[in-house]
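Encoded as structure tokens, the structure appears first; notes follow it.
The values are calculated or read from the model by the stated rules, or taken from the named source; none is laboratory data. Note that this is a predicted model, so its numbers are computed, not measured. No Cβ is skipped: glycine too gets one built from the backbone with ideal geometry, and neighbour counts run over all protein chains shown.
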Amino acid sequence: MAFRDGPFENIKVPLAWTAAVVVIVGIIGAVMLLLGDSRQSRNVGGYAPVRAGFETGAAPVGGVLSAPVRWTGNAVDYVKGYFFAVSENRRLRAEIVELNAWRDEALALKNLNGRYEQMLGVKTEPPVPMVTGLAITDARGPFARSRLLNIGAAKGIHVGNPVLSEHGLVGRIMGAAAGNSRMLLLTDVASRTPVLVERTDARAMLTGDGSGSPRLDYIRGAGSVQEGDRIMTSGDGGGFPRGLPIGVAAKGVDGTWRVKLFSDRSAIDYVRVLLFQDFSQLADQNALNAAPLASLAAAPPPTPAQAAAIQDVATRRAAAAAATAERVRAANAAPPPAPVAAPAPVPARTPTAAAARPAAVRPATPQPRPVAPRPAAPAPQPVAPAPDAEPTPAGAAE
């Protein structure tokens with residue numbers, strides 16, 4: 001018996017139309033998702049409302065569909081925790097002992113750092129507000145890595161806000177509707193994050209390539225990265241706050257430096273979105289726009305005696321300035337002095353003119369002056385011997 005002769009003959013046409021409509025709607029939805037995953041579509045302003053509406057409708061459906069999976073995972077974790085409660089309790093006790101020592105050291109360093117900041121007058125950044133949300137669906141592709149969150153612009157979320165899990169940075173917001181938003185993971189091919197190496201403070205760019213470990217590009221300084229170095233956000237460009245933990249550096253199989261993300265330690269479900277736009281929100285706008293001398297204390301008003309002395313000095317200075325201006329004005333108004341006549345030039349003497357003079361006028365040739373003979377020096381006189389002080393007696397000679 002043919003299909004047209006059976007009991008389903010009357011519903012054949014409605015089923016065909018229904019199947020055609022479902023296929024067309026599925027094709028349109030697939031095309032929209034493909035366009036949404038392309039990099040060019042993120043820069044098209046007309047497509048954003050369409051995608052926002054599509055995600056607004058898909059968010060409740062995704063939440064309902066992901067609920068059984070989430071409940072199953074929670075049940076498995078509960079059973080696993082029940083059977084491994086003793087070993088887990090021992091491990092947690094050991095971690096608590098270790099963390100207590102770290103807590104004491106951290107508190108001591110915090111107090112010491114606070115004293116240094118107070119002595120140096122360092123201004124620290126105020127805390128950034130945040131909101132908590134749940135990752136509903138996971139959009140995966142050959143290169144795309146994104147998540148749909150159940151919080152949106154109604155909670156103050158904007159495009160570019162950083163997203164963190166309990167372990168570290170996960171990604172950033174790439175689109176926000178009223179009740180939901182889409183998060184771009186660090187592993188997405190379109191993700192670019194400025195980072196630094198905690199040990200050497202070397203800057204680099206964390207580039208997603210679709211793999212589980214994003215790549216470190218444009219590393220500044222040779223030998224500035226080693227195996228196991230902690231990687232965190234640098235804050236360059238104002239897109240992320242400085243110091244958000246990301247992961248540790250590791251050498252990839254292709255020879256490039258990659259980052260093992262802290263966020264891979266557990267599933268990404270509950271996340272925190274930092275309501276951070278740029279560094280302008282961390283500064284006091286009233287202090288930035290105030291006058292340069294507004295923070296200085298004003299001097300007390302002068303006493304009557306001081307005011308009289310100030311007025312007297314000002315009056316004297318004004319009178320002196322007026323007198324100086326009057327003298328300058330009078331000097332400018334006076335006629336210029338008559339020019340002094342230049343002396344007549346003296347004719348130069350020439351040998352011809354000297355020869356033309358009469359003989360009586362010409363000076364005679366000077367005669368040498370006679371030199372008088374010098375008197376002879378007197379002859380030296382003989383020196384008489386000095387007489388003895390005592391005469392010698394006559395009998396002494398015999």
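Here PRO49 meets each of (1) within 48 Å of the chain's Cα centre (by Cα); (2) part of a helix (DSSP H, G or I); (3) modelled with pLDDT under 60 with one exception, condition (3). When restricted to residues that are surrounded by 18 or more Cβ atoms within 10 Å (Cβ to Cβ) and within 14 Å of GLY208 (Cα to Cα), segment 236-268 contains 6.
Only residues that are surrounded by 14 or more Cβ atoms within 10 Å (Cβ to Cβ), of a type outside the set (A, V, I, L, M, F, W, C) and out of contact with any Leu (no Cβ under 6 Å at 6 or more places or on another chain) were counted in segment 221-235, giving 4.
Criterion first (modelled with pLDDT under 90 and surrounded by fewer than 19 Cβ atoms within 10 Å (Cβ to Cβ)) does GLY175 satisfy it?
no
Name the residues in segment 127-186 that are of a type in the set (S, T, N, Q) and assigned to a strand (DSSP E or B), would you? Once the filter is applied, which keeps residues that are of a type in the set (S, T, N, Q) and assigned to a strand (DSSP E or B), segment 127-186 yields THR132, THR137, SER146, SER181.
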